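Below is one structure, written out as structure tokens; the observations come after it.
The values are calculated or read from the model by the stated rules, or taken from the named source; none is laboratory data. Computed from a prediction, not measured in an experiment: that's the story for all the values here. As a convention, Cβ positions derive from the backbone with ideal geometry for all residues, glycine included, and neighbour counts pool all protein chains shown.
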Amino acid sequence: MLSDKVLTRAARIVGDSNIGPGDDYFRGNGQSPSLKAAKAGSPEEIQDLVSLAAEQGFSIYTVRGRFAPSSIRNMDGLLLDLSRMDGIIELDARNMKARIEAGVTYEQLSEAVEPEGLQVLLPISATSRSVLRSNIDRDVLLGGSSFRKSSISVFKAVLGNGEVWGSGTQQLGSEGRPDFGEDQGPQLSGAFSASEDVFGIPFQCTVYLYPKYEDRKVLLFGFAERQGALDFIKTVARREHCFQCAGADPAYWGALTGRDGLSCVENTELFSHWPWSVVLSLEHVKKLVDFLDGAVHEEASSFGGEPIDGAPRELAAAALDEPWYRWDYDTMSGDSHVVDYFCYPRSAGEFFDTAGKAIGTPDGVALGHVVVPVSFGGSMFCETVLYTRPEDFRKAKEPALAAYRAVFEKGAVIDRPTGDLAAWMFQQADPGYNRVLRILKNSLTRAGCLTPGRF
């Protein structure tokens, strides 16, 4: 454990009230973690903590989601929380971008840009409310079928030796000089993506914003056959006939739109008349929205879909106005595991069946499924959610890992593995790939105090 002397020095950096136990950052109510939590309020405080860690030989891990991985619960060191860094440094409405700190949430930024007639692309299955964190971790965006997958441009990070590193090359800031200048050498920013901060701690970024159009309409269609829903999703995405789009079964819609176990069950029942339902939004000038409305209805009908109105449509429409967080899934049974991956549109149904077969029928586990088109329908983001009671959470872990292994061996792309899954996947990788990652980590962190044990 960290000595009182080290904790005193850390408290001098961030303030006494911002050093405390790490209990709230871990799932469950087990033994208190060895890690102490530190809430940094500025880049300089992050630098000072990293320098202190390098000097004293302890480790720093970062809070990246609602819960920290259980694998670090008993590690010694500091768990760094950047939620205090919640400043919107610059809002450039003319150029539709904002420079923000790591603690800025989707809700906060959406509220700030709404008066400017702008919006933020919202994520599905996000593990953090942080806009920067969500994009660094490659969360899928509900508007990703029509726009780029990542909504951040350049970012800044603190490296393991305390230096500030900036991605990009010549990104001009408001001062008329590069505010995110890299040294014109290799572009290493991609390495930070979904890296669990093994290379550095991102603390600031420039995020893209998008216009709110003159008219918006949300439609919901029900399908008796899953394949019809999947073909419809691919078609509307490839023809650019929608802005946001997601298809799911009744269990998923119930969990997402419910706020407790009872309402989850009630909402699942509302959607249960259709094995699969697809929600999408149309956004543009009114004349174009009216045209798209007619085109989308024809497309849905051609794949066996029928329009749904009333309470199910209202619930799905309300969901599109908010980020979709993984902890929303917990409302169904109290806890959940997620199996997520990418595949070609033609393979989505087959992969759902593969995952379901690998999971089997463990006691206390129900399944939900969702699919979102990416890159104009060029690929599909698929999730199978295992809704489980808290007391069954650990028992459901192995079926979830079995599903991951099954879809991976069949050709699915697993984009952001963590924990035991990451260890298994890196065992499958070419040794040269892992060697390059270790070289990169040693080059960027040097002192080795950031998320040790990874590469």
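Checking the conditions here, which among Ser145, Ser151 is at pLDDT 85 or above, in contact with a helix residue (DSSP H, G or I) (Cβ under 9 Å, 6 or more places away or on another chain) and hydroxyl-bearing (Ser, Thr, Tyr)? Break it down stepwise before answering.
Details: Ser145 fails: at pLDDT 85 or above.
Unique residue meeting the criteria: Ser151.
For Ser130, which of the numbered conditions (1) touching a residue at least 60 places away in the same chain (Cβ under 8 Å); (2) within 10 Å of the chain's Cα centre (by Cα); (3) buried (at least 19 other Cβ atoms within 10 Å of the Cβ) fails to hold?
(1)
If we only count helices (runs of 4 or more DSSP H) wholly inside the range 225-318, which ones have 1 or more residues that are small (Gly, Ala, Ser), over 30 Å from Asp330 (Cβ atoms) and in contact with a strand residue (DSSP E or B) (Cβ under 8 Å, 6 or more places away or on another chain)? Explain how you work it out, then say what you get.
Numbers: elements: 226-238, 250-257, 261-271, 286-302.
Correct list: 226-238, 286-302.
Somewhere in the range 399-419, is a residue surrounded by fewer than 18 Cβ atoms within 10 Å (Cβ to Cβ), among the hydroxyl-bearing types (Ser, Thr, Tyr) and more than 27 Å from Gly247 (Cβ to Cβ)?
For the range 399-419, residues surrounded by fewer than 18 Cβ atoms within 10 Å (Cβ to Cβ), among the hydroxyl-bearing types (Ser, Thr, Tyr) and more than 27 Å from Gly247 (Cβ to Cβ): absent.
Quick check: is even one residue across the range 166-186 at pLDDT 70 or above, assigned by TED's automatic domain parsing to the domain that holds Glu116 and not in a loop (DSSP other than H, G, I, E, B)?
yes
Considering Ile359, Ile308, which residue is over 26 Å from Thr235 (Cα atoms), buried (at least 19 other Cβ atoms within 10 Å of the Cβ) and more than 20 Å from the chain's Cα centre (by Cα)? Give the steps one after another, and end with the answer.
Working: Ile308 fails: over 26 Å from Thr235 (Cα atoms).
Residue meeting the stated conditions: Ile359.
Specify which of the listed residues (Ser134, Ser125) is assigned by TED's automatic domain parsing to the domain that holds Ser189 and in contact with a Lys or Arg (Cβ under 9 Å, 6 or more places away or on another chain).
Ser125
Of everything in the range 100-125 that's out of contact with any Phe, Trp or Tyr (no Cβ under 7 Å at 6 or more places or on another chain), in contact (Cβ under 8 Å) with a residue 40 or more places away in the chain and within 21 Å of Arg64 (Cβ to Cβ), which residue is surrounded by the fewest Cβ atoms within 10 Å (Cβ to Cβ)?
By that ranking, first place goes to Glu107.
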